[in-house]
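The values are calculated or read from the model by the stated rules, or taken from the named source; none is laboratory data. Nothing here was measured: the structure is a model prediction, and the numbers come from that model. Here the Cβ positions follow ideal geometry from the backbone for every residue, glycine too, while neighbour counts run over all protein chains shown.
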Amino acid sequence: MVNELSDFVLVSIALLGIGIYGLAVKRNFIRMLFAIEIIINAANLNMVAFGRFLPDSGGQTLALFSIAIAAAEVAVGLSLIIVAYRMYHNVDVADFRSLKG
Amino acid sequence: MVDAAFLGLSVLTIVSAIAALELRSLVYGSIALMGTLGGIAGFFLLLDSPFVAMFQLAVYVGSIAVLILFTVMLVKRELIFKKIEDKRRKFVGIALMLVLIVALSAVILDSGIKQITTDEPAVDFREIGVDFLTYYWPALILMALILSGAVTGALVLARRVDEENGQRTQ
């Protein structure tokens with residue numbers, strides 16, 4: 001193959017960094033969900049890349065599991081956004097204070 | 001060495017990931033997120049895993065991105081265009097990102113990953129199916145239960161409770 005394993009891993013590290021930045025800086029609930037999606041995709045890319053280069057079907061199998069679980073996570077996250085928006089009329093996570101001690 | 005397809009895909013993926021987080025409008029942000037997810041599907045095709053690539057397209061670009069778009073449309077118009085972030089946190093976040101990327105890249109490039117090369121043919125997707133039905137079947141059933149539980153939970157959470165004793169409780 002022309003592309004090496006390290007190239008794919010570097011792209012996934014860049015995506016992980018962007019996702020961590022989004023989680024640290026943004027306070028908009030929906031943007032934080034975007035950042036989580038980007039991080040999950042970086043992890044999937046890593047799994048498939050290693051599975052290709054150490055020829056083994058485990059990488060692809062785990063990536064498929066991960067995609068399915070991420071779908072469930074997004075469904076729950078979006079319904080939490082809808083509930084929070086209905087209660088506070090805002091999507092700023094700093095405003096969601098009812099659990100604050 | 002990398003080829004042109006890899007370069008194009010990585011530029012598309014990383015630029016649209018940044019755009020998804022930084023564009024002012026959430027609607028354009030979620031469309032940019034679709035670009036990232038599609039770019040990852042392209043990487044899967046480059047890695048000779050067409051089955052995972054199609055799964056990614058069907059689940060992420062097909063359903064999750066559309067779900068996110070519809071949720072964005074439920075939010076008030078001013079909130080879609082308002083950026084909510086701290087200025088001070090922004091610089092700390094960029095510094096954190098750069099430190100993380102440099103440190104992890106240094107560790108990875110130092111770890112002898114360059115010696116991992118392969119000339120063997122790619123894994124056939126039939127093998128994945130066999131894996132799913134033999135070794136991983138308890139995990140598959142567990143995943144199905146988790147998925148149905150999560151979707152039911154999401155429905156229950158998002159349900160609007162209307163009209164109790166003439167008074168709307170939310």
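Among the residues of the range B:22-58, those identified as in a helix (DSSP H, G or I), closer than 30 Å to B:E120 by Cβ, at the interface with another protein chain (Cβ under 9 Å from one of its Cβ atoms) and in contact (Cβ under 8 Å) with a residue 40 or more places away in the chain are B:L46, B:F51. Hey, does the range B:146-155 have a residue that's more than 7 Å from every other protein chain (Cβ to nearest Cβ), assigned to a helix (DSSP H, G or I) and small (G, A, S)? Yes, the range B:146-155 has at least one match. Considering the range B:51-73 alone, what residues qualify as being closer than 17 Å to B:R24 by Cα and surrounded by fewer than 17 Cβ atoms within 10 Å (Cβ to Cβ)? B:L69, B:M73, listed by residue number. Where helices (runs of 4 or more DSSP H) sit wholly within the range B:64-141, those with at least 1 residues that are in contact (Cβ under 8 Å) with a residue 40 or more places away in the chain, more than 7 Å from chain A (Cβ to nearest Cβ) and under 30 Å from A:F53 (Cβ atoms) occupy B:125-133. Applying the set (1) within 8 Å of chain A (Cβ to nearest Cβ); (2) farther than 30 Å from A:M87 by Cβ to B:V61 leaves exactly one unmet item: (1). So for the range A:33-49 (the condition being within 7 Å of chain B (Cβ to nearest Cβ) and more than 12 Å from the chain's Cα centre (by Cα)), does at least one residue qualify? Yes - at least one qualifying residue is present in the range A:33-49. When each of A:I40, A:I67, A:I36 is tested for being surrounded by fewer than 23 Cβ atoms within 10 Å (Cβ to Cβ) and over 17 Å from B:V66 (Cα atoms), the lone residue that passes is A:I40.
B:T134 meets all of the listed conditions (1) among the polar types (S, T, N, Q); (2) at pLDDT below 90; (3) loosely packed, with under 12 Cβ neighbours inside 10 Å but one, namely (2).
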